[in-house]
Amino acid sequence: MSETRIDRRFKALKADGRAAFVTYVMAGDPNFETALEIVKGLPGAGADIIELGLPFTDPMADGPAIQQAGLRALASGTTLKKTLKLVSEFRTGDDETPIVLMGYYNPIYSYGVDQFLIDAKAAGVDGLIVVDLPSEEDTELCLPARDAGLNFIRLATPTTDDKRLPKVLANSSGFLYYVSIAGTTGAAAPKPSDVAQALTRIRKTTDLPIAVGFGLRTGEQAAEIAKIADGAVVGTALVEQVALGNSDDDKVKRVLDLAREISAGIRSVNKT
Amino acid sequence: MAKPNSYRTGPDETGHFGIFGGQFVAETLMPLILELDAAYEASKKDPEFAEELSGLLKHFVGRESPLYFAERLTEHYGGAKIYLKREDLNHTGAHKINNCMGQILLARRMGKKRIIAETGAGQHGVATATVAARFGLKCAIYMGETDIERQKPNVFRMKLLGAEVIPVKSGARTLKDAMNEALRDWVTNVEDTFYIIGTVAGPHPYPELVRDFQCVIGEETRRQIMEAEGRLPDTLLACIGGGSNAMGLFHPFLDDESIDIIGVEAAGHGIDTDKHAASLKGGRPGVLHGNRTYLLQDDDGQILEAHSISAGLDYPGIGPEHSWLNDIGRVKYVNATDTEALEAFQLCCKLEGIIPALESAHALAYLEKLAPDLPKDHLIVVNLSGRGDKDIFTVADALGVEL
């Protein structure tokens, strides 16, 4: 497949000698306009890649913070269609920052895979992470997405052993998302030494950039990960700021302030 | 859809029944599910496993369960001859323990130290807590707060059996949410934990292995009806939430095409309202809890809350093999409302001296539409999947009686 914004971004960061700051926020949380303000503000606050959560009623792999964010988004009337609209509005002002949609399969399946891929591509989406589509189900969305020119980004976990890893990597592209702990989003922080060991193992099998997530909350933790990985993903900590803010403006400010702090941590690590 | 040579060969090697089934789970769980699949395949080839299981089913569960001629229900409807498969007489009071016994033997073989399960009515929770106690394994049961409230006796039973009952506060706080929390627990405790799923749903191989462990119901029924009547039944009837008691009765008869097989979904306040649990009649195919199947969902693919007076049927999905049997037309799926189930519940108490589970009462409720017009030599077997002691508070409440 041809080069995507994700490929270009990782290439540029490698030349710059630093790791990517991958941010996760929930589409439509707490409402369409505020979520759009947050997403628009993220690149300026240091985000290199934006993962946009697709709300789902039954997020089986998410901890309480992202569950709540999904419920807020659904309560504000978020649908897959509106999420794609959010992306296209973001794209009017930013044609560089990669957008990855992250969620569960049923809303996409319900929308219709073929139509979804057409509309997502047109809106300016670059990649997909679908938590409940392991490689066993590649024909559902992974292969059609690749054919449509979208990166299908796969999760690898501590339970993904050497035997399974090639299968996980087979049809994935863009980057590999290493889930640093066995657990739900927002659980305990990983031990950097464990992560380093896992990354050494995974790099024997792939040249894809590897972003590490689950449990990272601070600039300091993200910096530790930035030393060993090609990217650090922060989600729960950002999403919690939406819950904590006492007005829509305050929510935007809190998310972006924390993003700036974490970005500074990641940028403090020079890898050249 | 083309008719298969046999209805009993599924799932295929990728875990599908037609388009239904599959393995839609997070990567963290995939290696465990593959490991379970391998352990299950190995157990099928091991005569010692079958022997151990059948010994426990006989001496601990109390099988075989009787196939009982319901003389007074038969008289009441004045048509077909009605038999009840008495799964209510099993230890712990329902069919659920057949599956739990099979799965805990697998868990032991796999060296797992901790058992988790989800429960709606509490029957599967009690059965799981029971086998965990029997084998000395730690046990945590996830149960929605709403269900904890309406099934208090079962909550206390689980605690007596040494299980930790973890209240689930998300969503509508019923079975669906309990399953989400159990999956989250499993993702977190992958090393030592075995998840005993209670119905013929979830990622492959669960729909297959739960079905196989429940097939003892249908296999016994075949033998027993031959003894009693010298021939196979004409109609099979069972209630369906996820569909494990129904699948256990139906599966051994699927290739006997002269037999009408009928599953009864819970229609709650009515299938035309937004308060029911009839996934096949009121839903469409989607992906949830590891499998593709019929689901109650909105236009955006968000899962809707189910409703049934019976906590055990209160689930917005159904096992994938039922979805396939529906689409291919081998099994007919109908439904019964809360009110119809309540009436059948009371009728069974008064005429047969059997207090049925509210779940099973949905199957009994369909007799009124079916039995009167059938000839007297027409044989119907109804799966009386559980006893109703756990439901007396719910029923009293629905009838306006204060206990």
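Restricting attention to segment B:186-215, which residues are of a type in the set (S, T, N, Q), touching a Gly at 6+ places or on another chain (Cβ under 7 Å) and within 12 Å of another protein chain (Cβ to nearest Cβ)?
B:T188
Given segment B:175-246, what helices (runs of 4 or more DSSP H) lie entirely inside it while holding 1 or more residues that are without any contact (Cβ under 8 Å) to a residue 12 or more places away in the chain?
Output list reads B:175-188, B:216-229.
I'd like to verify a number: residues in segment B:280-299 that are farther than 16 Å from B:D327 by Cβ and without any contact (Cβ under 8 Å) to a residue 24 or more places away in the chain, how many?
Looking only at that region, the number is 4.
Give me a count of the residues in segment B:344-362 that are part of a helix (DSSP H, G or I) and under 14 Å from B:I309 (Cβ atoms).
8
Return the residues of segment A:254-272 that are closer than 13 Å to A:G231 by Cβ and surrounded by fewer than 19 Cβ atoms within 10 Å (Cβ to Cβ); say none if nothing qualifies.
Matches in segment A:254-272: A:R267, A:V269, A:K271.
Taking segment A:239-258, which residues are under 20 Å from A:G70 (Cβ atoms) and assigned to a helix (DSSP H, G or I)?
Of everything in segment A:239-258, those that are under 20 Å from A:G70 (Cβ atoms) and assigned to a helix (DSSP H, G or I) turn out to be A:V239, A:E240, A:Q241, A:V242, A:A243, A:L244, A:D248, A:K251, A:V252, A:R254, A:V255, A:L258.
Restricting to segment A:110-125, what's the tally of residues that are out of contact with any Gly (no Cβ under 8 Å at 6 or more places or on another chain) and either surrounded by fewer than 18 Cβ atoms within 10 Å (Cβ to Cβ) or in a helix (DSSP H, G or I) (or both)?
11
Give the residue that is farthest from the other protein chains (Cβ to nearest Cβ), with candidates limited to residues of segment A:171-198 that are touching a helix residue (DSSP H, G or I) at 6+ places or on another chain (Cβ under 6 Å) and of a type in the set (A, V, I, L, M, F, W, C).
Looking at residues that are touching a helix residue (DSSP H, G or I) at 6+ places or on another chain (Cβ under 6 Å) and of a type in the set (A, V, I, L, M, F, W, C), I get A:A196.
Rundown of residues vs (1) over 20 Å from A:G231 (Cα atoms); (2) under 15 Å from the mean Cα position of the chain (by Cα), yes/no style:
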| site | (1), (2) |
| --- | --- |
| A:G149 | yes, no |
| A:F152 | no, yes |
| A:I181 | no, no |
| A:K191 | no, no |
| A:V195 | no, no |
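Going by the conditions given, is A:F90 free of Cβ contacts under 8 Å to residues at least 40 places away in the same chain, outside any loop (DSSP other than H, G, I, E, B), on the phi < 0 side of the Ramachandran plot and among the aromatic types (F, W, Y)?
no
Any idea which of A:S263, A:S268 is modelled with pLDDT of 95 or more, under 18 Å from A:P43 (Cα atoms), touching a strand residue (DSSP E or B) at 6+ places or on another chain (Cβ under 8 Å) and polar (S, T, N, Q)?
None of the others qualify; the one that does is A:S263.
Does B:N326 count as under 23 Å from B:K281 (Cβ atoms), among the polar types (S, T, N, Q) and assigned to a helix (DSSP H, G or I)?
Against the criterion (under 23 Å from B:K281 (Cβ atoms), among the polar types (S, T, N, Q) and assigned to a helix (DSSP H, G or I)), B:N326 qualifies.
In segment B:11-23, which residue that is on the phi < 0 side of the Ramachandran plot and touching a helix residue (DSSP H, G or I) at 6+ places or on another chain (Cβ under 6 Å) is farthest from the other protein chains (Cβ to nearest Cβ)?
B:F17
Can you spot a residue in segment B:306-329 that is β-branched (V, I, T), surrounded by fewer than 24 Cβ atoms within 10 Å (Cβ to Cβ) and more than 14 Å from chain A (Cβ to nearest Cβ)?
Within segment B:306-329 (the criterion being β-branched (V, I, T), surrounded by fewer than 24 Cβ atoms within 10 Å (Cβ to Cβ) and more than 14 Å from chain A (Cβ to nearest Cβ)), the answer is yes, since at least one residue qualifies.
For segment B:171-217, give me the residue count where each residue is touching a Pro at 6+ places or on another chain (Cβ under 7 Å) and buried (at least 24 other Cβ atoms within 10 Å of the Cβ).
Of the residues in that region, 5 qualify.
Exactly one of these conditions fails for B:C215: (1) at pLDDT below 95; (2) in contact with a His (Cβ under 6 Å, 6 or more places away or on another chain); (3) not small (G, A, S). Give me its number.
(1)
The values are calculated or read from the model by the stated rules, or taken from the named source; none is laboratory data. The model shown is predicted, which means the values in this text are computed figures rather than measured ones. Positions of Cβ are backbone-derived with ideal geometry, glycine not excepted, and every protein chain shown enters the neighbour counts.
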